[in-house]
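Below is one structure; the comments refer to it alone.
The values are calculated or read from the model by the stated rules, or taken from the named source; none is laboratory data. Just so it is clear, the structure is predicted and the values come from calculations on it, not from any experiment. Backbone-built Cβ (ideal geometry, glycine too); neighbour counts: all protein chains shown. Side chains included, ligands, DNA and RNA excluded: accessible areas come from the protein's heavy atoms. Shrake-Rupley method; radii C 1.70, N 1.55, O 1.52, S 1.80 Å.
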Amino acid sequence: MEKNFYITTPIYYVNASPHIGHAYTTIVADVLARYHRLRGYRTYFCTGTDEHGDKIAEAARKANMSPKAYADQVSAQFRALWPELAVTNDYFIRTTDDDHVETVRRILQKVYEAGDIYFGEYEGYYCVGCERFYMEKELQEGKCPDHQSEPEYRKESNYFFRMSKYQDWLIGYIKDHPDFIRPERYRNEALAFLREPLEDLCISRPKTRLIWGITLPFDDQYVTYVWFDALINYITAIGYPDGEKFRTFWPAAQHLIAKDILKPHGIYWPTMLKAAGIEPCRHLNVHGYWNVDQSKMSKTLGNVVKPLMLKDKYGLDAFRYFLLRDMVFGLDSSFSEEAFVQRINSDLANDLGNLVSRTLTMASKFCGGRVPPAGPPADEDRILRDLASRVVAEVEKNFEDLAFHKALIAVWELINALNRYIVESEPWVLAKNPDQKGRLNGVMHHLLEALRVVSVLIAPFMPGASERIMAQLGIEDGTVQDFDSIRRWGGLAEGNELKPAGALFPRVEYRKEEKAETPKEQAPPFKAEIDYADFEKVDLRVATVLEAEAVPKSNKLIKMKIDVGEERTIVAGIAKDYKPGELIGRKIAVVVNLKPTKLMGVESRGMLLATDTAEGLTVLSFDREPKPGANIR
Ligand code: MSP
């Protein structure tokens, strides 16, 4: 069986400081790395920063710094954060590292020589936020669908990667390797992208426009497109092409990303590798998004959750536990400090913390502070051992499936069974009867041994708590406590000196006022004054929605037939916030004299009025019942 495990996180852009989303991905990668080390795998874990491109150059300009100095500063913040979160990455890569620059140029040259890069003319709308071109039909009311900003129109000659050539191969590959992209919903999403014809990928930017990037090896007037550069980090980090690590860990590699960057990882990256004659990685593991108190996390909402703040307030193990326990891998989750505090008190302080302190206190008192002999097992002891071995197997299975929350639920099944075992076997009663000494020892031995099993099972998630439990059990540093050791019952040495310590997880209180104050959201600046005559030029009307349906292939647009005194079709970018069925029959406000525009091939004759809220867009509506076609003044 292959015993090599290489795990990567996305390399994070240096235009923002780390937040809970970055922390989640990196902690999941750490949990996986620690788990595989405990399973005896040769493991390599890499994270880093993505430093080239327009976005970074612009952020540096705003900060009045050179791009490199700016990248140095933010990259250092990421690098310094990870050890604070007990992240055990083996390597930290920066795309400005010399060896990375060399690897990118090497791959470009290889693909160029193979004839898969050509020079061509391109024009289109360019969104700096997305670092990509859009076709007109992809824009929403002339704006980038993701950033809602107006893209620049650019016409330029560029180099293109013949990605289209690999479309059929990629479809076949994904179909033949059902767990290449997982969970399945993201595999389906990738296959859905591939139902459209795949376009070639523009992989250069002219230096007249951008100099902050890696110069193409075959044309020094151009730099490399930031995604073509960034993805290659995964093989630079292990010494492609002839490093020993590359031979060991590729293609046994697994990437971990969130759903936002599925397309570059699921489509660009495997086709780039194919063109360069390199096998795709083993798994692309895709998780969902953390929202905060049900809203999207954003600087403007002032709800960006900082990992170090939570660590300082509640402790690192609790933070790591909560992230892994409360998100179902693959689905979105909403962070709430209140829910976090509840989990600390119930699962950690109450269930696990009490179990450890009760067991250690009793063992110290009743067994002279040492691990007592097990003696012959009673029926309830056998049940406990069976449960422990079932839980170990379940945790292993859940790790295979990336079902971290289920792994923790399984561990808590054991913890809860141990708490019941204490109540049912009543060691304090046994302790009063000298004839029961053997049984008392047996019960305490089983509890202590089960705590050893628990401490190994939680080690990937809560390394600090795991070590503290082991220290209390008198397990010497250097005694191997890995997954093999807990597949067998009885690894805890009889006679070990116990070292009870203070509470593993003190209870915490949630105080609302302690919540970081959310700065009042700033209203956008007012526009310049206009004459009433100018206002009058805008024809605003009441409309009734007669029919509504999603525009095919768009996840933002809804097409509506409306009555504004006459029937018309309008298209609006509200599909994320409204289902078509919710709109039918509603009265809405519409600008009816805007020049018609085509959105995804559908002509829109009017624009509905809506505003943003923390929960998404809301369409303007009326308190009383107006007639369709009525003027709005
Ligand atoms: N630089 C690119 C990645 C290049 S990889 C070759 C990039 N950087 S990023 O800074 O925007 O990081 C995106 C990643 O950060 C997500 O894929 C995810 O791992 C993590 N997250 C950022 N926000 C997140 C949430 N709100 N929730 C969960 N994870 C999130 O894209």
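Among residues of segment 262-274 that are farther than 18 Å from Asp116 by Cα and open to solvent by less than 10 Å² (accessible area, probe 1.4 Å), those with a Cβ under 7 angstrom from a residue that is of a type outside the set (Lys, Arg) and within 13 Å of the ligand (Cβ to nearest atom), sequence gap 6+ or separate chain, pair up as Leu262/Tyr186; Leu262/Val286; His265/His255; His265/Ile257; His265/Leu284; Gly266/Leu284. Do we have Pro525 as modelled with pLDDT under 85, at negative phi and more than 31 Å from the chain's Cα centre (by Cα) here? Taking the combined requirement at face value, the residue satisfies it.
Total residues in segment 1-47 satisfying the condition of being within 16 Å of the ligand (Cβ to nearest atom) and assigned to a loop (DSSP other than H, G, I, E, B): the figure is 6.
Number of residues in segment 223-239 that are closer than 12 Å to Gly53 by Cα and open to solvent by less than 30 Å² (accessible area, probe 1.4 Å): the value is 7.
Counting only residues that are more than 15 Å from Tyr240 (Cα to Cα) and of a type in the set (S, T, N, Q), segment 91-116 holds 1 of them. Do we have Lys437 as open to solvent by 10 Å² or more (accessible area, probe 1.4 Å), part of a helix (DSSP H, G or I) and more than 19 Å from Leu360 (Cα to Cα) here? Here the answer is no, as Lys437 does not meet what is asked. Residues in segment 178-217 that are in a loop (DSSP other than H, G, I, E, B) and of a type in the set (Lys, Arg): Arg195, Lys207, Arg209. Without any contact (Cβ under 8 Å) to a residue 12 or more places away in the chain and open to solvent by 70 Å² or more (accessible area, probe 1.4 Å): which single residue out of Glu113, Glu121, Glu152, Glu189 fits that description? Result: Glu113 is the single residue among Glu113, Glu121, Glu152, Glu189 that is without any contact (Cβ under 8 Å) to a residue 12 or more places away in the chain and open to solvent by 70 Å² or more (accessible area, probe 1.4 Å). For segment 480-498, the count of residues that are without any contact (Cβ under 8 Å) to a residue 12 or more places away in the chain and assigned to a loop (DSSP other than H, G, I, E, B) is at least one.
Going by the conditions given, is Lys299 open to solvent by 30 Å² or more (accessible area, probe 1.4 Å), at pLDDT 95 or above and either within 24 Å of His147 (Cβ to Cβ) or part of a strand (DSSP E or B) (or both)? Here the answer is no, as Lys299 does not meet what is asked.
The strands (runs of 3 or more DSSP E) found entirely in segment 218-293 that carry 2 or more residues being near the ligand (Cβ under 10 Å from one of its atoms) and under 23 Å from the mean Cα position of the chain (by Cα) are 253-258, 283-287, 290-292. Take Ala450 and tell me if it is of a type in the set (A, V, I, L, M, F, W, C), in a helix (DSSP H, G or I), under 37 Å from the mean Cα position of the chain (by Cα) and closer than 17 Å to Ala374 by Cα. The answer is yes for Ala450. Does segment 556-564 contain at least one residue that is more than 38 Å from the chain's Cα centre (by Cα) and open to solvent by less than 30 Å² (accessible area, probe 1.4 Å)? For segment 556-564, residues more than 38 Å from the chain's Cα centre (by Cα) and open to solvent by less than 30 Å² (accessible area, probe 1.4 Å): present. The set of residues in segment 528-559 being free of Cβ contacts under 8 Å to residues at least 24 places away in the same chain and not in a loop (DSSP other than H, G, I, E, B) consists of Tyr532, Ala533, Asp534, Phe535, Glu536. Based on this model, can you work out whether Glu338 counts as open to solvent by 10 Å² or more (accessible area, probe 1.4 Å), in a helix (DSSP H, G or I) and either closer than 30 Å to Asn188 by Cα or in contact with a Cys (Cβ under 8 Å, 6 or more places away or on another chain) (or both)? In short, no.
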